[in-house]
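For reference, the structure is listed below as structure tokens.
The values are calculated or read from the model by the stated rules, or taken from the named source; none is laboratory data. Keep in mind that this is a model prediction, so the values were computed, not measured. When we count neighbours, we look across all protein chains shown, and the Cβ atoms used for this are built from the backbone with ideal geometry, even at glycine. For accessibility, only protein heavy atoms count, side chains too; no ligands or nucleic acids. Shrake-Rupley method; radii C 1.70, N 1.55, O 1.52, S 1.80 Å.
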Amino acid sequence: MAQEGSYKRSLENGLVLVTGRSNPSLATQIAEYLNKDLHESVTAFADGEIRVIIPPNLRQRHIFIIQSTSQPVNDNLMELILMVDAARRSSAKEITVVVPYFGYSRQDRKEMPHVPISSSVVANILVNAGADRIVTVDIHSEQQQGFVKVPWDNLYGSYSLVPAINKEKLKNVVVAAPDKGGMTRAIGYARRLGASDVALVYKERDINVNNKSEALDMIGAVKDRDVLLVDDIIDTAGTIVNAANFIKKRGARRIIVAATHGLFSGPALERITKSNIDKVVITDTINQSKHITKHPKIVSVSVSQLLSEAIRRIETGESISKDLIL
Ligand code: R5P
């Protein structure tokens, strides 16, 4: 981390922080860390139409727009697009969109005929509106960075999650992925935690029904061991709960889940409550309501320091891969 004061000077006239309405609490923490004003720029007309006004002078300034495109996904996305357009028309020197949770990122390939690659469409809308850079945390698949020609810095939520996981003092730990797409992530966590073993749950998804999957088998020995189950997203919690219940049947001791983005849609909380999961550690990429943060099995950690440091380094030209992308 840079010395306080040294970066304050270099950021003095430079960056401008703007937020939409999706995650004001995270944006406020980022502004406090960077010792900068935060400009709230979005209101709405009576019919719901979004109205954006970015108050400060943006000429020759680097503007960072903080907005998760979480629920309501399309409203939050539209706010973001309009903020980018406003910044571009206000002659900003550079526009970085900081999208802690990037909605549509699960639709990152043509998995069947007659479907769009929605994540590519969203990324290109942002760039066409004027974004010069994208910053995300644990984008669903890293190759999405190739959808656009501008730099896309994808940070790892593990930077914030690993200290909280360490507090659990897991013994004889195995890191498990709830599906094959999560295997690289599980290996990364195992490396960061010094765990030598990984496990993989074999999941089959019904591509014709959203959020429907089943855990069918697994590879890896979990009997009498603590298991850290890692995923990028908890939506309806079907994936992690099915995986956890399968792992428990194979004799695991404690099961801790670490997931970056807690969407917690529909039956998610009830499923987690009734499951074999001992604890779920998530981050604040998505603004959580009190009934989620007060849930007895859920602990939330902040990515504010991770994002603040990334913003500071982007502005000052320092490396992000050093200590931030582990
Ligand atoms: C899927 O590939 C993702 O990584 C998550 O596992 C999935 O989106 C979680 O959804 P749900 O909680 O509804 O099973």
- Task: Report Rg/Rh for region 16-72, rounded to two decimals, where Rg is the Cα radius of gyration and Rh the Kirkwood radius.
- Result: 0.99
- Query: Where does helix 183-193 land angle-wise versus the long Cα axis of the chain, in degrees 0 to 90, nearest 10?
  - Reply: 90
- Karplus-derived HN-Hα couplings along region 15-32 (A = 6.51, B = -1.76, C = 1.60, θ = phi - 60°), whole Hz, x at Gly and Pro: 6, 10, 9, 10, 10, x, 9, 6, 8, x, 5, 5, 4, 5, 5, 5, 4, 5
- Quick one: Cα centre-to-centre distance for region 224-278 and region 72-92, in angstrom? 35
- How high is the FRET efficiency between Asn35 and Arg253 when r is their beta carbon distance and R₀ equals 51 Å, given to the nearest 0.05? 0.70
- Hull surface over four for the Cα convex hull of region 158-302, reported in nm², is 7.8
- Where in region 161-177 is the amide nitrogen less than 15 Å from a point lying 7 Å along the Cα-to-Cβ axis of Asp197? 170-177
- Item | Portion, in percent, of the accessible area of the chain that falls on carbon or sulfur, probe 1.4 Å | 49
- Note on the structure: Kirkwood-based Rg/Rh on the Cα set of region 110-228 evaluates to 1.05
- Message: Quick check for me: using +1 on Lys/Arg Cβ and -1 on Asp/Glu Cβ, what's the dipole size of the chain about its Cα centre, in debye to the nearest 20?
- Response: 780
- Item | Cα convex hull of region 41-93 - mean projected area over all directions, nm² | 3.6
- Item | Average accessible surface area per residue within region 40-157, 1.4 Å rolling probe, Å² | 47
- With x for Gly and Pro, the residue-by-residue ³J(HN,Hα) of region 54-61, computed from phi through the Karplus equation 6.51 cos²θ - 1.76 cosθ + 1.60 at θ = phi - 60° and given in whole Hz, is 9, x, x, 5, 9, 4, 6, 10
- Message: Give me a comma-separated list of calculated 3J(HN,Hα) values for region 157-164, in order, Karplus coefficients 6.51, -1.76, 1.60 applied at θ = phi - 60°, integers in Hz, x for any Gly or Pro.
- Response: x, 4, 3, 8, 7, 4, x, 5
- Given backbone amide H placed at 1.01 Å from N, residues whose amide H is under 5 Å from that of Val299, ignoring those fewer than 5 places away on the same chain, are Val280, Val281, Ile282
- Query: Taking the chain, how much of its Cα-Cα pair set, in percent, is spaced more than 33 angstrom apart?
  - Reply: 27
- region 158-302, accessible area per residue, ligands and nucleic acids excluded (1.4 Å, Å²): 46
- Query: How many percent of the alpha carbon pairs in region 41-190 exceed a separation of 18 Å?
  - Reply: 63
- Gain on full stretching of the segment that runs from Glu204 to Asn74 - 0.36 nm per residue minus C-alpha separation: 44.0 nm
- Message: Amide H of Val16 versus every other amide H placed in the peptide plane: which residues, excluding those fewer than 5 positions away on the same chain, fall under 5 Å?
- Response: His62, Ile63, Phe64
- Task: Determine the gain in length on full extension of the stretch Ala46-Gln145; use 0.36 nm per residue of separation and subtract their C-alpha separation, reporting nm with one decimal.
- Result: 31.9 nm
- Residues with amide H under 5 Å from that of Asn154, placed H, sequence gap 5 or more: Thr136
- Counting helices only, and only those DSSP H runs with n ≥ 4, report the 222 nm mean residue ellipticity of the chain as the sum of -39,500 (n - 2.57) divided by its residues, in deg cm²/dmol to the nearest 500. -9000 deg cm²/dmol
- What residue among Val299, Gly194, Val115 has its Cα farthest toward the positive end of the dipole of the chain, where the charges are +1 on Lys, Arg and -1 on Asp, Glu, each on the Cβ? Gly194
- Would you mind telling me the antiparallel percentage of the DSSP bridges in the chain, rounded to 5? 20
- Determine the relative contact order of the chain: mean sequence separation of Cα pairs under 8 Å and six or more apart, normalised by residue count, in whole percent. 15
- Thr184 paired with Lys294, simple spin-label distance in nm, labels 7 Å along Cα-to-beta-carbon: 4.0
